1. Can you give me the angle between helix 226-252 and the longest principal axis of the chain, using Cα atoms only, in degrees from 0 to 90, rounded to the nearest 10?
2. I need the per residue convex hull volume for the range 34-131, using only the alpha carbons, in cubic angstrom as a whole number.
3. Could you give the nm distance between label points at ASP37 and ALA160, where each point is 7 Å from its Cα heading toward the beta carbon?
4. How do the peptides 252-260, 163-171, 146-154, 71-79 rank, highest first, by the average count of neighbouring beta carbon atoms within 10 Å per residue?
5. Under the definition of Cα pairs under 8 Å and six or more residues apart, what whole-number percent is the relative contact order of the chain?
6. If R0 is 30 Å, what FRET efficiency do you get for LEU110 and LEU242 from their C-beta distance, rounded to 0.05?
7. Please give every one of the lysines within straight-line cross-link reach of LYS2, meaning a C-alpha to C-alpha distance under 23 Å, and leave out same-chain neighbours fewer than 8 residues apart.
8. Dividing the alpha-carbon Rg of the chain by 2.2 N^0.38 Å yields what?
Amino acid sequence: MKFTPQSFRDWKNKRITLLGMSGVGKTHISTLLRAHDWFHFSGDYRIGTRYLDEPILDIIKQQAMQVPFLRELLRRDWIDIKNNIKIHDLGPVLAFVGKLGGPEWGGLSLEEFTRRQAMYREAEIAAMKDVPEFIRKGQEIYGYPHFVNDVGGSLCELDAPGVIELLAEHTLILYIQTTTREEEDTLIRRAQSDPKPLYYRPAFLAEQLPAYLQEKGLDYVAQVEPDDFTRWVFPRLFHSRLPRYEAIAGPHGYTVTSLEVSQVRDEVDFLALVESAIARKGDR
């Protein structure tokens, strides 16, 4: 959606998609707006509760069936297992995505990892296609005047025709970018200190995995320590995503910096920041 500062100010029911890497401030903004009566749509929450709910339960049950006591309880339907996914605790989704590497460290084979990556991609595409319907639900069912779409950092990796265009048609896309090497280094160090499962474009993984194996002197994925690979690949993933975010924001959205976002304290600050981003783009 395209705006002038005034048309954005006059927009009665505001709808924002927050775009950017994990750690740039998307959660900060979405949490803040939720407290100011905005409907908070989390892409990963939708993925976990709707599109990957059964596959997540399947892998949990598969692990539980390896424990004799639990195996008998499950087979007799004496116990039930369910996901307990929360907006700010998406552990089951991360556990499903998993990490590539040797089974002795809890890693996944390349075949299984690739299968789950493909399932996650399809789930994220489906979740983003749900945005227009949840905009309607947010207003008509729950009575929220405004809507914020908190998307995963992998949105720029999907390469799915029509998804970005759909979000741009129904929401204002706001890209939160890092602007200094220090900020980038901080985000990278934070991710490496606590490596989490990630989505990789197939072409990216096909390029980076052989490079990692060669550098580490390994012959097979089963020799890969999952956290080590995740730490090694994250800076490369980070820098590969930056031009992809910019390619979305350029024609379809507006850009603010993570420093600007960190200074937002309430809804008024946020709306003023969006207006300034619109004005900056209009001046170009």
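Each reported figure results from applying straightforward, stated rules to the coordinates on display, with no laboratory input. This one's a predicted model, so the numbers in the text were calculated from it and none came from an experiment. Methodologically, a virtual Cβ is constructed for each residue, glycine included, from the backbone with ideal geometry; neighbour enumeration extends over all protein chains shown.
1. 30
2. Details: hull volume 12.1 nm³, N = 98.
Measuring per residue, one finds 124 Å³ for the Cα hull of the range 34-131.
3. The modelled label-to-label distance comes out at 3.3 nm.
4. On the way: 252-260: 20.9, 163-171: 17.8, 146-154: 23.7, 71-79: 11.0.
Put in order of decreasing packing, that is 146-154, 252-260, 163-171, 71-79.
5. Values: 377 pairs, mean separation 93.8, N = 284.
In percent, rounded to a whole number, it is 33.
6. 0.65
7. LYS12, LYS14, LYS26, LYS129, LYS281
8. Details: Rg = 20.4 Å, N = 284, 2.2 N^0.38 = 18.8 Å.
Rounded to two decimals, the normalised Rg is 1.08.
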